[in-house]
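Below is one structure, written out as structure tokens, with a few remarks after it.
The values are calculated or read from the model by the stated rules, or taken from the named source; none is laboratory data. Values in this document were obtained by computation on a predicted structure and should not be read as measured data. Positions of Cβ are generated from backbone atoms using ideal geometry, with glycine treated the same way; all protein chains shown enter the neighbour counts.
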Amino acid sequence: MAQAEKKLDMRRSDSGEQAKQDGLQYFWIDTCCIDKKNDAELSRSINSMFRWYRNATRCYVYLSDVSSPPLDTNVESNPRSWELNFWNIRWFTWFWMSLVVKLIFRWYHNVTQRSVYLSGVSSAPSDTNEESSPRSNDAYNPQPWESDFRGSRWFTRGWTLQELLASASVEFFSRERKRLGDRSSLRQQIYEITNIPHSALQGAYLSKFSLEERLQWIEHRQTKLDEDKAYSLLGIFGVYLLPIYGEGTASAFARLRNEFDKAQKCIRDLHLTDPRNDKKRIEDTKGGLLEGSYHWILKNSDFQEWSNTHQSRLLWIKGDPGKGKTMLLCGIINELKKSMAKSDLLSYFLCQATDTRINNATAVLRGLIYLLVDQQPSLISHAQKKYEQTGKTLFEDANSWVALSEIFTNILQDPSLNSTYLIVDALDECVVDLPKLLDFIVQTSHVCPCIKWIVSSRNWPSIEKNLDTATQRLRLCLELNEQSVSAAVATFIKFKVDWLAKRNRYGSNTQDTVQRYLSLNANGTFLWVALVCQELANISGWDAEEMLKAFPPGLNLLYRRMLNQICSSKYAKLCKSILAVVLIVRRPITLDELASFVDMPSRSSGNYEALSEIVGLCGSFLTLREHTISFVHQSAKDFLVEKASNEIYPSRIECIHHDVFSRSLQVMSKKLRRDIYSCSRISY
């Protein structure tokens, strides 16, 4: 006992000294900070330990069975010793080296031919995979302590698995208290010892790994008490479980699996869309995210105040259509991912008015909660109690907003939650229950000190009126940052013109002319540049300069030109019919569905290539992705509704609705019939 207490005192002293060197105010040692005789404290500690490690700045691992050799110890204890020895013998080295250099020079000067044998160079084919042996140097030059490290008991203990995976930084120390490295520098050795994938060791969310994969990580580890082998996985699986010692390993693992399965079912039913996929889709649709187009905001004083001060919890980025708000927020999301601590959370949602999945307030909450739970699975516990009573209807019935807002509020007030960043793009495209969403954002920005919001929208007075009630908010107006936005648009123009020049083989004069015209007429609008470049993509290089004059500055004027071109073409009737249908439907429709609502040319039926070409006749108003048709931008739809409705549906919009309704009935009548399943023939 005395020896154990002496060892513990040494660990306290060493840990405290190391924490002091690293600028930390507190340190915690698991072996002496948990009262295992107190059942309530023990249960709470077991369920909280993963969170404690995750929130720690550093995790020190003392390996009592790993020794660093005396040579390393001397070097580390006196890092300048080699330098002193060098200066003591420098005169001797200089003298002999000067003689040797003179002799070698004389020998080489007198020879007529020299052959050089390169022992480290192979004559293998040039396509040899250099990455086939990424640790070749380490394999031939292992550290003296590496053999002990690979055989350390620490890698065989069950409870140390969460220390290895949860902590942002794991540093290993030898018996002599010398630092051996950290989880990053020793990643390859740890992978070979534990078989845990590199991505998990690099901090990937554990929800990315299946239940069976995670169970394999504990397979060859041992615990003093049988049940602890299951209990040590609670944080890794993101579930809460009351320890029952004496129940046996099989029962403990069965309960663990059951809780995990219930949580996963709740998460699956919560899922409506994965905002990460929506972000990728939107970026691809807009031609990809150009880094140089958003970096300016990182130096903006409003953004920096939001980022660096505790008091500023809500940042509203506002601007006119086409100013690049969505791509700006996509860039902010990427930058936050790089800079935030591992224990911090980031959730976001990108609204789109033309997509019924993501154009309402309830969908916003479901998407934000889904991403938070994906990063910290234990948060789903705030939804599980109600979910077990009602099932999937909790997220879908008429009361779903009430339930979800309560669940989300509880999540944001969870004591395990660290700094959390919430981003919602295009509030103006949230067409259902927007006032409720605005009130929720304002309210949570007041009561949740660890939460920071970024929202974006057009310059709508109704949105401004709601957000103005937030006392700790900042406003970033793109029109007031004209210089920065114009510089970003210039970067975007150069990127697009370079692409056009390569595609259409522009000469240098043509390329300069196109770039100059776009720069003079863009007026800080990304969308205008994108639409003009889309039109230029199909115009030969020799005709590009002349055609430039046909593209007027300003989105509305450009939309007007596009519509005039459609109306004067021989396919005007067909194009206006297509635009009318896409305008009135509640969700984006597919090419197959469009063929049911519009009289298409006879040979185009079932021919996706022909149907795609027909949609392309509608100018740049529409975009096509995986056979699904949608507007290129909400402003394009707004223009047609507000400024061109008489041209798109001259016989009133009600007639278009009636036509779509009638055609839908015709399609259904071909398939549906009374007693379609022949139930009347069933006898009992």
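Remarks
- Residue list for region 399-440, restricted to those being among the hydroxyl-bearing types (Ser, Thr, Tyr) and either in contact with a Pro (Cβ under 6 Å, 6 or more places away or on another chain) or outside any helix (DSSP H, G or I) (or both): Ser416, Ser419, Thr420, Tyr421
- Residue tally, condition part of a loop (DSSP other than H, G, I, E, B), touching a residue at least 24 places away in the same chain (Cβ under 8 Å) and either of a type in the set (Lys, Arg) or touching a His at 6+ places or on another chain (Cβ under 9 Å) (or both), over region 216-242: 1
- Tyr205 meets the stated requirement of being within 27 Å of the chain's Cα centre (by Cα) and among the hydroxyl-bearing types (Ser, Thr, Tyr).
- For region 612-659, the tally of residues that are surrounded by fewer than 17 Cβ atoms within 10 Å (Cβ to Cβ) and part of a helix (DSSP H, G or I) stands at 14.
- Selection of first residues in region 158-175 that are more than 17 Å from Asp14 (Cβ to Cβ) and of second residues that are small (Gly, Ala, Ser), restricted to Cβ pairs under 6 Å at least 6 apart or on distinct chains, gives the following pairs, ordered by first then second residue: Gly158/Ser232; Trp159/Ser232; Gln162/Gly235; Ser167/Ala56.
Yes/no per residue for (1) touching a strand residue (DSSP E or B) at 6+ places or on another chain (Cβ under 7 Å); (2) small (Gly, Ala, Ser); (3) closer than 29 Å to Gln202 by Cβ:
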position: His295; (1), (2), (3): no, no, yes
position: His310; (1), (2), (3): no, no, no
position: Leu315; (1), (2), (3): yes, no, no
position: Asp320; (1), (2), (3): no, no, no
position: Lys323; (1), (2), (3): no, no, no
position: Ala353; (1), (2), (3): no, yes, no
position: Ala361; (1), (2), (3): yes, yes, no
position: Leu372; (1), (2), (3): yes, no, yes
position: Ile380; (1), (2), (3): no, no, yes
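- Test result for Gln162, assigned to a helix (DSSP H, G or I), surrounded by 16 or more Cβ atoms within 10 Å (Cβ to Cβ), modelled with pLDDT of 90 or more and in the same structural domain as Trp52 (by TED's automatic domain parsing): yes
- Tally, over region 583-631, of residues that are among the hydroxyl-bearing types (Ser, Thr, Tyr) and free of Cβ contacts under 8 Å to residues at least 12 places away in the same chain: 3
- Failed condition for His271, given (1) crowded, with 17+ Cβ neighbours inside 10 Å; (2) within 20 Å of the chain's Cα centre (by Cα): (1)
- Within region 536-550, restricting attention to residues that are surrounded by 18 or more Cβ atoms within 10 Å (Cβ to Cβ) and closer than 14 Å to Trp499 by Cβ, the residue that is modelled with the highest pLDDT is Leu536.
- Region 527-562, residues that are aromatic (Phe, Trp, Tyr), touching a helix residue (DSSP H, G or I) at 6+ places or on another chain (Cβ under 6 Å) and in a helix (DSSP H, G or I): Trp528, Tyr559
- Scope region 344-364; condition touching a Pro at 6+ places or on another chain (Cβ under 8 Å) and at pLDDT below 95; matching residues: Thr354, Asp355
Residue by residue, here is whether (1) of a type in the set (A, V, I, L, M, F, W, C); (2) under 23 Å from Val485 (Cβ atoms) holds:
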| site | (1), (2) |
| --- | --- |
| Val497 | yes, yes |
| Asn504 | no, no |
| Gly507 | no, no |
| Ser519 | no, yes |
| Asn538 | no, no |
| Trp542 | yes, no |
| Pro552 | no, yes |
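- Pair list, Cβ < 6 Å and 6+ apart or interchain, from region 462-489 residues that are of a type in the set (Gly, Ala, Ser) to residues that are part of a helix (DSSP H, G or I) and buried (at least 16 other Cβ atoms within 10 Å of the Cβ): Ala470/Val442; Ala470/Ser445; Ser484/Trp296; Ala488/Ser293; Ala488/Trp296
- Leu206 under 26 Å from Arg150 (Cα atoms), of a type outside the set (Gly, Ala, Ser) and at pLDDT 95 or above: no
- Count of region 192-210 residues which are surrounded by fewer than 16 Cβ atoms within 10 Å (Cβ to Cβ), of a type in the set (Ser, Thr, Tyr) and in a helix (DSSP H, G or I): 1
- Per-region count, region 271-302, residues assigned to a helix (DSSP H, G or I) and either within 16 Å of Tyr348 (Cβ to Cβ) or touching a Cys at 6+ places or on another chain (Cβ under 6 Å) (or both): 10
- Condition check for Ser48: of a type in the set (Gly, Ala, Ser), modelled with pLDDT under 80 and farther than 18 Å from Leu225 by Cβ: no
- No other residue among Gln384, Gln375 is out of contact with any Ser or Thr (no Cβ under 9 Å at 6 or more places or on another chain), assigned by TED's automatic domain parsing to the domain that holds Ala403 and surrounded by fewer than 22 Cβ atoms within 10 Å (Cβ to Cβ) apart from Gln384.
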